[in-house]
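The values are calculated or read from the model by the stated rules, or taken from the named source; none is laboratory data. As the structure is a computational prediction, the values presented were derived from the model and not from experiment. Every residue, glycine as well, gets a Cβ built from its backbone with ideal geometry; the counts of neighbours run over all protein chains shown.
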Amino acid sequence: MDCSVILVSCLWISLTVLSTDIVDKTASFVARNGPEFEARIRQNELGNPKFNFLNFGDPYHAYYQFKVKDFREGRGE
């Protein structure tokens, strides 16, 4: 396997782990503090790609919504 492919794969895995960690933490806070808190995050992080999961078209948006629901129902980790 080409070294550049290995490097790109490792970077992708690292970004995926980082992204889900941010999504999980944000979902936990939003579940506890409500939609007004989500709106505040959205406004404060406007233009920050780490928070794109708050947007409907983002690939992590469905996961984010799932985690918010899980935390609200007491099943989140």
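General observations
- Inside region 41-55, residues that are loosely packed, with under 14 Cβ neighbours inside 10 Å and free of Cβ contacts under 8 Å to residues at least 12 places away in the same chain make up a count of 7.
- Region 56-77 residues that are farther than 13 Å from Val30 by Cα, paired with ones that are of a type in the set (A, V, I, L, M) and at pLDDT 90 or above (beta carbon under 6 Å, 6 or more apart): Tyr60/Val23
- Answer residue from region 1-35, given it is of a type in the set (Val, Ile, Thr) and surrounded by 11 or more Cβ atoms within 10 Å (Cβ to Cβ) and is modelled with the lowest pLDDT among those: Val8
- One residue stands out in region 36-50 among those that are out of contact with any Leu (no Cβ under 9 Å at 6 or more places or on another chain) and modelled with pLDDT under 95: the one that is farthest from Gly74 (Cα to Cα), namely Gly47.
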